[in-house]
Amino acid sequence: MRSAYLDYAASSPVDPRVREAVLFVMDSLGNPSSVHAQGRAMREAVDTARESVANLLAVEPRRVFFTSGATEANNLALIGYFKRLRETVSAEKPLKLLVSVIEHSSIREVTKRLQADLGVTVEKIPVDADGVVRTDRLREMLSDDVAMVCVMWANNIIGSLQPMEESATIIREEREKRGVNGLSLVLMSDAVQALRTEQVRPSDTGVDLLSLSGHKMYGPKGVGALYVREGVELAPLLMGGGQEAGLRGGTENVPGIVALGRAADILRKEREKDRAHVGKLHARLVAGLRESDGVTVFGDSARSVPGIIYFMSSEETGDVLTLKLDSAGIAVSSGSACDSGTSKTSFVLQEIYSGPAAKQGGVRVSFGRFSTDEDIRCLIEALIAIHGAGGGMRDAGGTR
Ligand code: PMP
């Protein structure tokens, strides 16, 4: 049976060059904190990886902190920031967090904790029909008790690209208005799904905190990083041996970190090539889906990342279609892997689409560097087979 892996947004394949780069660490001795030669070699490996991630983001290496993934990086950014801020302002002082309504669960769930534990008021910034944050609303919502604004760089369900520069400008203006003695205000962005194809430069853009994940950028699972602008103070979540400049205690995941560094190096050099390749596949699949009678494709391709497409079939629910495609050897997703088991219908879809079929949910197809024309053709053919020729599916026209 033919098969196609089209779930890069849940986890992308590890680049073989990344795998190769890690092998030497697996065979090496030493704790990066040890003073002996073996320890120093491990420290050097971690520092080199830090430089690679910093180069990808065009930031200073010492502003990059390694974590166990983006979930931890997001927790550290939000809890760490508000915990530290609460230490400097009175318990009664109102503090507000504005988050886009389409954030990942590792942000959404944390906001509940912040409300309960630290008395932070949380308000949601709405999105438009394409799942793009409404900056007009952001501007209106930016009262003088707002201490953080959280807008993901690209959405993980429908791929909508967010107005990061405009958001950063709005925040910069508000900061200037507050003056040096005003309440601290930062812009946080989860860039996990943007890095595969977008140029992500937090410092140039005006983003103060930014999270990323290894297994969404051709590295392994279980490693990620948080960029923290100079001057932004965070309280650590984990305490221990003082690793990561005291921000994240615990012996470093050296194999994971080395792999992330290599993945970052490759991405920096090959992102443009990846983007062109993925863009072609994206256009082909969208054209194929849009020609189909019973299929609705969500999001405006001009305002989303190439490689993530969300669609809904009038014939069945997203969950059923995902299972049928799995039986046909095609891996897609009916929502975020991190939300599986909690909600069968994507909450993002419900935010942007109020049509009668919103409850049945759709399918997310995501692909990248190693995807081929054949994968896209395989998906289209499987959809034709599932819906029957009369279901409106036509060949997307990929090379045979
Ligand atoms: N943010 C986004 C947008 C994601 O898609 C994911 C992964 N589903 C995460 C955060 C969590 O990343 P990790 O798996 O590294 O914890």
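Please treat every number below as a calculation from the coordinates, not as lab data. Computed from a predicted model, the values in this text were never measured in an experiment. Here the Cβ is made from the backbone with ideal geometry for all residues, glycine too, and neighbour counts use every protein chain on show.
What base-10 log of the normalised intensity I(q)/I(0) is obtained for the stretch 213-288 from the Debye formula, alpha carbons as equal point scatterers, at q = 0.17, 0.22 Å⁻¹?
Once normalised to I(0) and log-transformed, intensities are -0.80, -1.04.
If I stretch the segment between LEU237 and SER3 completely, what's the gain in nm (0.36 nm per residue apart, minus their alpha carbon distance), one decimal? Please report the intermediate quantities before stating the final value.
Details: separation 234, 0.36 × 234 = 84.24 nm, distance 4.17 nm.
Going from the current span to full extension adds 80.1 nm.
Return the ratio Rg/(2.2 N^0.38 Å) for the stretch 145-269, where Rg is computed over Cα atoms only. Display every interim value, and only then the final one.
Values: Rg = 15.8 Å, N = 125, 2.2 N^0.38 = 13.8 Å.
Normalised by 2.2 N^0.38 Å, the Cα Rg of the stretch 145-269 equals 1.15.
Considering only DSSP beta bridges where both residues belong to the chain, give the percentage that are antiparallel (nearest 5). It would help to have the intermediate numbers written out before the result.
On the way: 21 of 40 bridges.
Taking every DSSP beta bridge within the chain, about 50 percent pair in antiparallel fashion.
Using a Cα-Cα cut-off of under 29 Å, which lysines could be cross-linked to LYS359, ignoring same-chain neighbours fewer than 8 residues away?
Result set, ordered by chain and number: LYS112, LYS124, LYS216, LYS324, LYS344.
I need MET217, MET141 ordered by Cβ neighbour count within 10 Å, fewest first.
MET141, MET217
So, with +1 on the Cβ of K and R and -1 on the Cβ of D and E, and no other charges, what is the size of the charge dipole of the stretch 1-113 about its Cα centre, to the nearest 20 debye?
Approximately 440 debye in magnitude.
Hand me the GluC sites (Glu not before Pro) from the stretch 23-115 located in a DSSP loop with no more than 13 other Cβ atoms within 10 Å, in residue order please.
GLU92
So between LEU23 and ASP326, what do we pick up on full extension, going 0.36 nm a residue minus the alpha carbon distance? Before the final figure, lay out the partial values.
Values: separation 303, 0.36 × 303 = 109.08 nm, distance 3.25 nm.
Difference between extended and current length: 105.8 nm.
Expressed as a rounded percentage, what relative contact order does the chain have, with Cα pairs under 8 Å and six or more residues apart?
Reported relative contact order: 23 percent.
Roughly how far apart, in whole Å, are the Cα centres of the stretch 13-91 and the stretch 187-217?
For the stretch 13-91 versus the stretch 187-217, the Cα centre distance is 15 Å.
Tell me the mean residue ellipticity at 222 nm calculated for the chain from its helices only (DSSP H runs of n ≥ 4, each -39500 (n - 2.57), averaged over every residue, nearest 500).
The per-residue figure over the chain is -13000 deg cm²/dmol.
Rounded to the nearest 20 debye, what is the charge dipole size of the stretch 72-130 about its Cα centre when +1 sits on each Lys and Arg Cβ and -1 on each Asp and Glu Cβ?
Rounded to the nearest 20 debye, it is 280 debye.
Report D for the chain in µm² per second (integer): Stokes-Einstein, Kirkwood Rh on Cα pairs, 20 °C, 1.002 mPa s.
Rounded, D is 98 µm²/s.
Under a point-charge model restricted to the Cβ atoms of Lys and Arg (+1) and Asp and Glu (-1), what is the dipole moment magnitude of the chain relative to its Cα centre, in debye to the nearest 20?
Rounded to the nearest 20 debye, it is 400 debye.
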